[in-house]
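Below: one structure, written as structure tokens.
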Amino acid sequence: MLRAPVAGDLGWIVQRNGALYAAEYGWNAEYEGLVARIVADFAEDHDPRLERVWIAELDGRAVGCVMCVRDSAPDTARLRLLLVEPSARGHGIGDRLVRAVVAFAREAGYRDLVLWTNDVLSGARRLYQRHGFVLVAEKPHRSFGRDLVGQDWRLDLRGSGT
């Protein structure tokens, strides 16, 4: 089930992103700080007509999340903080979360949906590709205590839907 966040869910997003990416990829607290800023910005000032958070539940517990927020580019939304707990993977939750963002962004009237990720997140990248996102740029960087390759992906929302 996908639902809107309730009290405590935004903190859960920060905590689980920090803990999961540290465990799976060795990322340091710099990543958790980035997630905390993204979540705080959303909590303090968002337009519910144009921005949304989804929490995925399985057997009554939160097992995933994703955000859709306004980007700085005109008519563009940004997919952020997609996460599915390892114990919940393989149930199609990531697919449902991405599908919810794409549908919401289209309905809200955005022209493009963009996201930034890193090449080590291969499962997420395959999911984005299945939904029609196209890789538009790659750039090596040092972040979160690791040498990474950042990737910018884009989906033209005026095209055929997923």
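The values are calculated or read from the model by the stated rules, or taken from the named source; none is laboratory data. A quick note: this is a predicted structure, and the numbers were derived from the prediction, not measured. Positions of Cβ are generated from backbone atoms using ideal geometry, with glycine treated the same way; all protein chains shown enter the neighbour counts. To get the accessible areas, we keep the full protein, side chains included, count just its heavy atoms, and leave off ligands, DNA and RNA. Shrake-Rupley method; radii C 1.70, N 1.55, O 1.52, S 1.80 Å.
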Odd one out for Leu50, checked against (1) under 17 Å from the mean Cα position of the chain (by Cα); (2) part of a helix (DSSP H, G or I): (2)
Can you give me the number of residues within region 133-150 that are in contact with an Asp or Glu (Cβ under 7 Å, 6 or more places away or on another chain) and part of a loop (DSSP other than H, G, I, E, B)? 2
Report whether or not Glu24 is open to solvent by 50 Å² or more (accessible area, probe 1.4 Å), in a helix (DSSP H, G or I) and in contact with a Phe, Trp or Tyr (Cβ under 9 Å, 6 or more places away or on another chain). no
Region 101-114 residues that are in a helix (DSSP H, G or I), paired with ones that are open to solvent by 50 Å² or more (accessible area, probe 1.4 Å) and of a type outside the set (Gly, Ala, Ser) (beta carbon under 6 Å, 6 or more apart): Val102/Thr162; Phe104/Arg52
Which members of region 67-100 meet the condition of being open to solvent by 40 Å² or more (accessible area, probe 1.4 Å), assigned to a helix (DSSP H, G or I) and either of a type in the set (Phe, Trp, Tyr) or in contact (Cβ under 8 Å) with a residue 40 or more places away in the chain (or both)? Pro86, Arg96, Arg99
Of the residues in region 116-162, those that are over 21 Å from Arg70 (Cα atoms), among the hydrophobic types (A, V, I, L, M, F, W, C) and open to solvent by 80 Å² or more (accessible area, probe 1.4 Å) number 0
Residue satisfying condition, being within 27 Å of Arg146 (Cβ to Cβ) and among the β-branched types (Val, Ile, Thr), within set Val53, Val6: Val53
By residue number, the members of region 49-66 that are among the small types (Gly, Ala, Ser) and either open to solvent by less than 20 Å² (accessible area, probe 1.4 Å) or over 20 Å from Tyr21 (Cα atoms) (or both) are Ala56, Gly60, Gly64
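Pick out the one residue from Gly64, Gly33 that is assigned to a helix (DSSP H, G or I), among the small types (Gly, Ala, Ser) and modelled with pLDDT of 95 or more.
Working: Gly64 fails: assigned to a helix (DSSP H, G or I).
When all the criteria are applied, what remains is Gly33.
Pick from region 101-115 the residues that are charged (D, E, K, R) and in contact with a strand residue (DSSP E or B) (Cβ under 8 Å, 6 or more places away or on another chain): which of them is most open to solvent (accessible area, probe 1.4 Å)? It would help to see each step written out before you state the result.
From region 101-115, those charged (D, E, K, R) are 106-107, 111-112; that's our starting set.
Cutting the leftovers down to in contact with a strand residue (DSSP E or B) (Cβ under 8 Å, 6 or more places away or on another chain) gives us 111-112.
On the way: Arg111: 81, Asp112: 12 Å².
Looking at the filtered set, the residue picked out is Arg111.
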